[in-house]
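Q: Below you will find the structure I want to go over with you.
Throughout, read-outs are computed from the coordinates displayed, never taken from laboratory work. As the structure is a computational prediction, the values presented were derived from the model and not from experiment. In this analysis, Cβ positions are derived from the backbone assuming ideal geometry, glycine residues included, and neighbour counts consider all displayed protein chains.
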2 protein chains.
Amino acid sequence: MNPSPSPAQFPSANWTHGLKRSVLRQMIAVTAQPGILSFAGGLPAPELFPREPFAEAMAQVLREPLSLQYGPPQAALKEQIVGLMAQRGVSCTPEQIFITTGAQQGLDVLTRFLLNPGGTMILENIVYTGAQQVLAPFQPRILTVPTDLQAGMDVKAIEAYLAGGERSAYLYSITEAHNPLGVSLSHTRRHQLIEAAAQYAIPIVEDDPYGLLVYDDELLPPLRALDDQWVIYLGSFSKILAPALRLGWMVAPPALLPQLTVVKEMGDLESSVLIQRAAATFLASGHFPEHLARLRQEYGHRRDVMLQALADYFPAEARWTRPRGGMFIWVELPDGVDTAALLETTIAQEKVAFIPGHAFAVEPGCGRNCLRLNFSNATAEKIEDGIARLGRVIGEEIGKIC
Amino acid sequence: MNPSPSPAQFPSANWTHGLKRSVLRQMIAVTAQPGILSFAGGLPAPELFPREPFAEAMAQVLREPLSLQYGPPQAALKEQIVGLMAQRGVSCTPEQIFITTGAQQGLDVLTRFLLNPGGTMILENIVYTGAQQVLAPFQPRILTVPTDLQAGMDVKAIEAYLAGGERSAYLYSITEAHNPLGVSLSHTRRHQLIEAAAQYAIPIVEDDPYGLLVYDDELLPPLRALDDQWVIYLGSFSKILAPALRLGWMVAPPALLPQLTVVKEMGDLESSVLIQRAAATFLASGHFPEHLARLRQEYGHRRDVMLQALADYFPAEARWTRPRGGMFIWVELPDGVDTAALLETTIAQEKVAFIPGHAFAVEPGCGRNCLRLNFSNATAEKIEDGIARLGRVIGEEIGKIC
């Protein structure tokens, strides 16, 4: 047989010519080597998975042959999701629930539904890479807005674009515990964002994987609780149950569901009936409230340990966010520190990893002096040890510059 | 709160303005009502699922917490797939295997990778609707070719387009047991298709969900066994294990895999580690050869029963394909019979359902006098009874016309 052609010989679509692997996912692969203490990924703690009750639920649904068959979105799961949304402060009905193969699929489906090739998107300058990836095939014009590390996305900057005649296919908001910045959108900005969406008739896609993982007492309503006209909500079981379910949902106006169904069918026909039934059976088994309470307690503790360790071991020039929930802390080092180079040093000298900030930048060059730290995947002891080791290298690095 | 906006008020992408629900999937939903004997869907027989050994495999992998975590494509599954491909007559290595969330995702990923907006596609006039759906967002110019009911896709017609200066983002081939036509591509045409692809540097996407479900002795090699340069192969566990796994694979040139990975990540980040491990463990358990032999025997029997019943009960004017494998028989009735209207009659009078041929037509109006019958989902007794009832209504219908 002939040798395989190189990608360049394959007549692929124009948008793919600049296609690169996700820097983020590449780095996560590199930093997942044995012996590395990694704060890089966005992994939940596997020791907290509700493994046994989920295995019981799975065994139960596997007694029924039709759990292995093609089938429609499962009504029992929609009912459970309505209950989860009520815990999140959102009142909705099963007719508004759209099952997805993870929240990433929801983002992809909505982007395909809302964005024209060459269209315009307003996006935060530093934002979840999965939200950037789904835009790439459309080769959009991207207008960026900054994000305040205390109050979240700069809604005034969005309004200024819109008042100036710009449009956006949708407005993307990680309202609670932003990935990678850790910030939650302030109460005032939530209302401003909804007003802007309504005034300019632009849908908001609210990506809320961490909404049920808030560790402080103050609970703010998600955008979907404030508006059911322009907000489409994306939920996920990855962080509250298990990533390997690849299961999520949308809360969307029922009139859109037939069209969104066609777009979803392109991608994978339907989400696994088996996984849907196992998740619904687990949620109905009564184990979930205790499980979620345990997640909140343990992740809240790990966050506190990491914040304390940052205060104890990081140099005075460093600044960081204090997330109310989620999995990430964002650290800013003085200008001039290159965290991509720093990562090589910390892996070589201390076997500790993180994600350099530039991996999340929409505009190249942004976030070079920043890093994202994950606090959900390592124990408190390892967090304290790892942050101490990171702090030592960073102190030396800053010493060299100043 | 305000009432939900109607879809028209949502500023959706241009291509969605003509978006309709898949006629096929809508019909499958309609015909799935209780009391209807349905030859409509493409469902495997649930009583043949290897439910117990699969449940054992699932229980085994759920003893390991990391089965519920994010993770890379599972090496153990790739090894098993290499073994399946060897059974299919294809020699390949794990480095060429790309795991997908069902073969539909493979088709979607490859279309996004290969087709430009407004690009050109050469496609059979009657073809699997999922292959048509993935094209829709690109609003392509579609050039159609006919399909011979004995020898398959008209490769000469494809060559004529290409010789005339037309291109196609890829050539789509359901080489074995075509959905919906039931025909397999002849040996000669397989070679002609590969030669055309090489001559004009156009990739072939070979969609092969039924390749291991051939019931006759004569086995022809898939396109991928004849060429590893231009053929990208799509495999699926839906028909040989269970649809609810939503698990499939590609065999593709290794050099393309990093780029295809990025395109797949847009859609769902990764395929479920849990499902991948359960499938790999089931395949390694030794139950698969016996299971596959049982599927072949039972589906082969059901096909034979349906073919005999068609000969016994359908009027002399009807013609149909004799599939070597797969799940479908295609029936042509005399011009003037409208199978969409016929379906209403057969459901009302006989409670028997099928899919009218026009549901698979690329050019509107084609296939109006045709129907697709599924033989995998009903028992032999029901097949004989249902075909007799269908034959009666069709006989009356033809009597009215002639």
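Q: Report relative contact order for chain A in percent, whole number only (criteria: Cα-Cα under 8 Å, sequence separation at least 6). Numbers along the way, then the final one.
A: Numbers: 706 pairs, mean separation 94.8, N = 402.
Once normalised by length, the contact order is 24 percent.
Q: Could you please state, rounded to a whole Å, how far the C-alpha centre of the stretch B:205-260 is from the C-alpha centre of the stretch A:53-73?
A: Measuring centre to centre over Cα atoms gives 27 Å.
Q: Ok, one more. Could you give log10 I(q)/I(0) at q = 0.06, 0.08, 0.11 Å⁻¹ for the protein assembly as shown, computed by the Debye formula over C-alpha point scatterers of equal weight, without solvent?
A: At q = 0.06, 0.08, 0.11 Å⁻¹ the computed log10 ratios are -0.39, -0.69, -1.28.
Q: Leaving out same-chain residues fewer than 8 places away, which aspartates and glutamates sit with a Cα under 20 Å from that of B:Lys400?
A: Correct list for B:Lys400: B:Glu317, B:Glu332, B:Asp335, B:Asp338, B:Glu344, B:Glu350.
Q: Find which of A:Thr129, A:Leu84, A:Ile347 sits farthest along the positive direction of the dipole of the protein assembly as shown, computed with +1 on the beta-carbon of Lys and Arg, -1 on that of Asp and Glu, about the Cα centre.
A: The residue sitting most towards the positive pole is A:Thr129.
Q: Among B:Thr339, B:Thr120, B:Thr129, A:Thr31, which comes first, second and so on when ranked by fewest other beta-carbon atoms within 10 Å?
A: Values: B:Thr339 24, B:Thr120 15, B:Thr129 18, A:Thr31 21.
Least crowded to most crowded, the residues run B:Thr120, B:Thr129, A:Thr31, B:Thr339.
Q: Please report Rg over Rh for the stretch B:66-284, where both radii come from the alpha carbon positions and Rh follows the Kirkwood definition. Spell out each step's value before the answer.
A: Values: Rg = 16.8 Å, Rh = 17.6 Å.
Looking at the stretch B:66-284, the ratio lands at 0.95.
Q: Still on this structure: Using the Cα centre as the reference, give the magnitude of the dipole from point charges on the C-beta atoms of the stretch A:117-262 (Lys, Arg: +1; Asp, Glu: -1; all else neutral), rounded to the nearest 20 debye. Display every interim value, and only then the final one.
A: On the way: 8 positive and 15 negative charges, 99 e Å.
That gives a dipole near 480 debye.
Q: Could you pull out the pairs from A:Lys20/A:Lys156; B:Lys20/B:Lys351; A:Lys264/B:Lys20; A:Lys351/A:Lys382; B:Lys20/B:Lys156 whose alpha carbons sit more than 22 Å apart here? Let's see the in-between values first.
A: Working: A:Lys20/A:Lys156 33 Å; B:Lys20/B:Lys351 27 Å; A:Lys264/B:Lys20 13 Å; A:Lys351/A:Lys382 12 Å; B:Lys20/B:Lys156 33 Å.
Too far apart for the 22 Å limit: A:Lys20/A:Lys156; B:Lys20/B:Lys351; B:Lys20/B:Lys156.
Q: So the label point sits 7 Å from Cα along the Cα-to-Cβ vector; using that for B:Glu47, what distances do you get to the other copies, in nanometres, sorted shortest first?
A: Label point to label point, same position, other copies: 5.0 nm.
Q: Still on this structure, I have one more. Just to be sure I understand: with springs between alpha-carbon atoms less than 10 Å apart, which residue in B:Tyr299, B:Tyr313, B:Tyr70 has the highest mean-square fluctuation in the Gaussian network model of chain B?
A: B:Tyr70
Q: Taking the alpha-carbon distance from B:Lys78 and a cut-off under 13 Å, which aspartates and glutamates remain once sequence neighbours fewer than 8 residues away in the same chain are dropped?
A: Leaving aside aspartates and glutamates fewer than 8 places away in the same chain, those within reach of B:Lys78 are B:Glu95.
Q: Can you tell me, using C-alpha contacts under 8 Å and at least 6 residues apart, the relative contact order of the stretch B:66-284 as a whole percent?
A: Details: 373 pairs, mean separation 64.6, N = 219.
It comes to 30 percent, rounded to a whole number.
Q: Which is farthest toward the positive dipole end of the protein assembly as shown among B:Leu234, A:Ala196, B:Thr188, measuring Cα position about the Cα centre, with Cβ charges +1 (Lys, Arg) and -1 (Asp, Glu)?
A: Value: A:Ala196.
Q: I would also like to ask the following. Looking at A:Ala151, A:Leu274, A:Ala361, which one has the Cα that reaches farthest to the positive end of the dipole of chain A (charges on Cβ: Lys, Arg +1; Asp, Glu -1)?
A: Checked the options; the winner is A:Leu274.
Q: Can you give me the distance in nm between label points at A:Ala293 and B:Thr345, each placed 7 Å from the Cα along the Cα-to-Cβ direction?
A: It is 6.5 nm.
Q: Taking the label point 7 Å from Cα in the Cβ direction, how far apart in nm is A:Arg167 from each other copy of itself, listed shortest first?
A: Ordered by distance, the counterparts are at 2.9 nm.
Q: I need the inter-copy label distances for A:Pro258: point set 7 Å along Cα to C-beta, values in nm with one decimal, smallest first.
A: Here A:Pro258 shows inter-copy label distances of 4.5 nm.
Q: Same structure, new question: Would you mind ranking A:Leu62, A:Leu193 by Cβ crowding within 10 Å, fewest neighbours first?
A: On the way: A:Leu62 22, A:Leu193 26.
Starting with the residue having the fewest Cβ neighbours, the order is A:Leu62, A:Leu193.
Q: Only helical DSSP H runs with n ≥ 4 go in: add -39500 (n - 2.57) per run for chain A, normalise by residue count and round the 222 nm mean residue ellipticity to 500 deg cm²/dmol.
A: So the helix-based figure for chain A works out to -12000 deg cm²/dmol.
Q: Sticking with this one: Looking at chain A, do any whole DSSP H helices span at least 24 angstrom along their long axis by alpha carbon and average -0.5 or above on Kyte-Doolittle, and which?
A: Counting only whole DSSP H runs, the qualifying helices are A:380-401.
Q: Based on other C-beta atoms within 10 Å, arrange A:Ser22, A:Ser186 from fewest to most. Can you show the working numbers first?
A: Details: A:Ser22 19, A:Ser186 16.
Placing the least packed residue first, the sequence is A:Ser186, A:Ser22.
Q: Something else now. Please state the charge dipole magnitude for chain B, taken about the Cα centre, from unit charges on C-beta atoms (+1 on K and R, -1 on D and E), reported in debye and rounded to the nearest 20. The partial results should precede the final answer.
A: Values: 32 positive and 41 negative charges, 131 e Å.
Charge dipole, chain B, about its Cα centre: 640 debye, nearest 20.
Q: Within the stretch A:51-284, what percent of beta bridges assigned by DSSP are antiparallel, to the nearest 5? Walk me through the numbers on the way to the answer.
A: Values: 10 of 23 bridges.
Taking every DSSP beta bridge within the stretch A:51-284, about 45 percent pair in antiparallel fashion.
Q: From the P(r) of chain B, can you give the percent of Cα pairs sitting at distances over 26 Å?
A: Value for chain B (Cα pairs over 26 Å): 56 percent.
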